[in-house]
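The values are calculated or read from the model by the stated rules, or taken from the named source; none is laboratory data. Note that the structure is a prediction, hence the values are computed from the model and not measured. Methodologically, a virtual Cβ is constructed for each residue, glycine included, from the backbone with ideal geometry; neighbour enumeration extends over all protein chains shown.
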Amino acid sequence: MGSGLVTYRERNIIARQKVNLEKRCSNKQAEQVAKHRALGEFDLLNRDGISPLPAIIYTGSRISLDSLHNPKTHSFLVEEIRKKVANLERKKWSIQFSWVKSHAGTRGNEIADKLAKEAARSGGTEYEFARIPKSTIYQEARESARQKWQRQWATSQKAAATREYFPTLQDRLRTKIKLTPKITAVLTGHGMTKAYLHRFNLSEDANCRCGNEYQSMAHILFQCEELNAKREVLKQQMGTWPARKEDLITKHMKIFYEYIESIDFDNLIV
């Protein structure tokens, strides 16, 4: 990430700067660093005995200007800029900020952009500004937690039935599901089947009414002859069959949901 600025006095360039920022810094920070450095140039002129002058700082970023004028914004760079402006104004300088359209051929803006690109390409790890935005740190922490969660999810010996519908956490996080007892039983594999009841000695056997010797949830949904008519409707609505379980949730949620809710599980496990 790079930042650049060029300082003019009476149409003559008197200073150029390029600043190498840590790569995780934001574009808005790069814009604010340029403003902060520009104010520093004015302060140097003041120390050199130059009488206070009207000064305008041009930027191609409306967002960075808005943050300066927003009384609710108190980020480090914004506060540092405000301090420098106040200090210069006490010395009778007149400071203004103005927006200029980027990449429109404005000479000073084009030079500043070139300097910023040079700074970004300079590489190395000696950064002149390396205050990472809190939002970036929070985002990285969330992503790290998600990756750790995904590794645990992928290697867990539990929730195998649920993992067939949601191989990745991202699939589940972006899928809105109206949970009902039937939907919960299907997605978890817990309850509403003879196999599940037999496992806990709540049924004498695991046989299905259709004659299959093991009435699992997968058998009920995809194989049981008792549901052939309902399943045929599902197939016709989907257009493709067989379907992966994850696709039933992510691509065919509405019709799969209706299919599940139409099943009389109580009648099947009698």
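Some points to look at:
- Residue within region 134-154 that is of a type in the set (Val, Ile, Thr) and loosely packed, with under 11 Cβ neighbours inside 10 Å present: no
- The residue list 197, 169 contains one member that is touching a helix residue (DSSP H, G or I) at 6+ places or on another chain (Cβ under 6 Å) and in the same structural domain as residue 218 (by TED's automatic domain parsing), which is 169.
- Selection count, region 17-63, where residues are over 15 Å from residue 95 (Cβ atoms) and surrounded by 14 or more Cβ atoms within 10 Å (Cβ to Cβ): 17
- Helices (runs of 4 or more DSSP H) wholly inside region 150-210 containing at least 1 residues that are among the aromatic types (Phe, Trp, Tyr): 160-165, 194-199
- Any hit, region 41-57, residues being in contact (Cβ under 8 Å) with a residue 12 or more places away in the chain, part of a strand (DSSP E or B) and β-branched (Val, Ile, Thr): yes
- Filter result for residue 159 (closer than 19 Å to residue 260 by Cα, surrounded by 13 or more Cβ atoms within 10 Å (Cβ to Cβ) and small (Gly, Ala, Ser)): no
- The residue that is modelled with the highest pLDDT, among those in region 171-223 that are out of contact with any Ser or Thr (no Cβ under 6 Å at 6 or more places or on another chain) and among the basic types (Lys, Arg), is 182.
- Any hit, region 252-263, residues being closer than 15 Å to residue 187 by Cα, of a type in the set (Val, Ile, Thr), modelled with pLDDT of 95 or more and not in a helix (DSSP H, G or I): yes
- Residues being among the acidic types (Asp, Glu), touching a residue at least 40 places away in the same chain (Cβ under 8 Å) and farther than 30 Å from residue 170 by Cα - total across region 198-253: 1
- Just one of the numbered conditions (1) within 18 Å of residue 190 (Cβ to Cβ); (2) among the hydrophobic types (A, V, I, L, M, F, W, C); (3) surrounded by 14 or more Cβ atoms within 10 Å (Cβ to Cβ) is not true of residue 202: (3).
- Test: residue in region 122-129 that is in the same structural domain as residue 12 (by TED's automatic domain parsing) and either modelled with pLDDT of 90 or more or aliphatic (A, V, I, L, M) (or both): no
- Condition check for residue 80: surrounded by 15 or more Cβ atoms within 10 Å (Cβ to Cβ) and among the acidic types (Asp, Glu): yes
- When the residues of region 80-100 are filtered to those that are part of a helix (DSSP H, G or I) and of a type in the set (Lys, Arg), the one that is nearest to residue 40 (Cα to Cα) is 84.
- When residues in region 231-251 are screened for being touching a helix residue (DSSP H, G or I) at 6+ places or on another chain (Cβ under 8 Å), part of a loop (DSSP other than H, G, I, E, B) and under 14 Å from residue 218 (Cβ atoms), 1 of them pass.
- Single residue of region 98-114 satisfying the filter (surrounded by fewer than 17 Cβ atoms within 10 Å (Cβ to Cβ) and of a type in the set (A, V, I, L, M, F, W, C)) that is farthest from residue 56 (Cα to Cα): 104
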